[in-house]
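Read-outs: derived from the displayed coordinates by stated rules, not from any lab. These numbers were taken from a predicted model, which means no experiment stands behind them. Glycine also receives a Cβ, built like all others from the backbone with ideal geometry; neighbour counts cover every protein chain displayed.
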Amino acid sequence: MRVRSLLLPALALFLLLFLLVSVMATTGQPQPVVINGTAVPPLPTLDASAVAAGERLYGQYCAACHGANLAGAADWKTQLADGSLPPPPHDSSGHTWHHADSLLLSITRDGGDVAANSRMPAFDGQLSDDEIWAILTFLKSRWGEEERKFQWWVTVTAGG
């Protein structure tokens with residue numbers, strides 16, 4: 001009878017320890033990002049020094065158009081009289097996070113699509129690619145986790 005009365009608590013303790021070890025083994029481990037059944041590597045950690053450098057550069061080169069708080073123009077989806085669009089937000093409320101890193105780098109370095117009447121200027125010659133990456137890292141630091149995961153997935157599946 002005594003063995004039986006100890007068996008249930010021992011079994012419960014074993015199950016609890018098993019669950020704890022299982023949770024500890026998976027918690028903290030970066031998990032792949034899976035969207036539409038397609039997995040990509042885990043979301044990379046943002047480098048704090050790149051975020052700080054990007055924030056400084058954003059303030060110097062981008063904030064005048066896109067806003068100090070990344071909010072963009074108030075009616076950024078409404079075409080202006082010349083057919084161009086006002087500067088979009090770069091926070092989670094905008095669409096920057098819908099694009100792969102390679103496209104964001106290209107737009108920043110080479111300017112917006114002239115055929116689409118974009119007013120986005122080219123920063124080639126003013127900013128190095130490393131400085132543009134720092135700005136993009138800063139933008140990513142202001143997105144929610146879901147936006148970051150989606151943008152990472154788009155970047156990996158688009159090949160850059």
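Here are some notes:
- Whole-Hz Karplus values for region 63-80 come out as 4, 4, 9, 8, x, 4, 9, 6, 7, x, 6, 4, 10, 5, 8, 9, 4, 7 Hz, taken residue by residue from phi with 6.51 cos²θ - 1.76 cosθ + 1.60 and θ = phi - 60°; glycine and proline positions read x.
- Put in line by how crowded their Cβ is, counting other Cβ atoms within 10 Å and starting with the fewest, Trp97, Trp76 read Trp76, Trp97.
- Close amide H pairs (under 5 Å, H built 1.01 Å from N) link Phe123 with Arg109, Asp110, Gly111, residues at least 5 positions away or on another chain.
- Lys/Arg +1, Asp/Glu -1 at C-beta; region 31-157 dipole; positive extreme among Tyr61, Ala115, Val154: Val154
- Residues Ile132, Ile35, arranged from fewest to most other Cβ atoms within 10 angstrom of their Cβ, appear as Ile35, Ile132.
- Net dipole in debye of region 48-160 [+1 Lys, Arg Cβ; -1 Asp, Glu Cβ; about Cα centre; nearest 20]: 160 debye
- Counting other Cβ atoms within 10 Å as a rough exposure proxy, the listed residues Thr38, Thr96, Thr137, Thr45 run Thr45, Thr38, Thr137, Thr96 from fewest neighbours to most.
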